[in-house]
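Following: one structure in structure tokens, then a few remarks.
The values are calculated or read from the model by the stated rules, or taken from the named source; none is laboratory data. Only a predicted model underlies this, so the values are computations on that prediction, with no experimental measurement involved. Each accessible area value is taken on the protein alone, full model and side chains, heavy atoms only, with ligands, DNA and RNA left out. Shrake-Rupley method; radii C 1.70, N 1.55, O 1.52, S 1.80 Å.
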Amino acid sequence: MANRREVGSVLAIAGFTLLTAVSGLYLGFVAPRGALHGKPIPLVPDQGPILYEMHSIYSKPGRVRLDWRDVPHAAGYRITVMTATDESLFVSPVLPRNSWVIPHEKTFPVKPQTVYPWTVTVLFPGRTEASEPAAFATQ
């Protein structure tokens, strides 16, 4: 039979192990301290349509930069930002280059934690060509 001292040691080690495991799970794995509450940030598609290599960069405070591939022989570009229901939120003026930072006065109707589709219309002499929609998300 085991003596009382060995039994006490085994019980003490088992209790300490159990206490450490439970507190470790609580502190780091199950309920992290200071977790943010509220609606999660929406996911944005990884990449815009391949044809125009469209992508966006959202930065604080509410600045959105849209970039796309330069199209040879294009006379200009026009950006259309839409709501989730594909209604036109706003349209850019004719842009001479393949990048646009949405001006602050245009971003005021943009809501936080929302995904916004956008398209590029390439203006050629005598015709236009529109892209498939890409998207950006606000935080």
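Miscellaneous remarks
- Heavy-atom SASA rank of Arg4, Arg65 (probe 1.4 Å, accessible area, largest first): Arg4, Arg65
- Accessible area (Å², 1.4 Å probe, nearest 10) - Phe124: 30
- Most to least accessible of Ile13, Ile57, Ile102 (protein chains only, probe 1.4 Å): Ile13, Ile57, Ile102
- Taking the protein heavy atoms of region 100-139 in the context of the full set of protein chains, the accessible area attributed to carbon and sulfur is 57 percent at 1.4 Å.
- Rounded accessible area of Leu95 (nearest 10 Å², 1.4 Å probe): 10
- Ranking of Ser99, Ser9, Ser92 by solvent-accessible surface, largest first: Ser9, Ser99, Ser92 (1.4 Å probe, protein heavy atoms only, all chains present).
- Taking the inverse of the mean reciprocal distance over all distinct Cα pairs, the Kirkwood hydrodynamic radius of region 68-135 comes to 12.7 Å.
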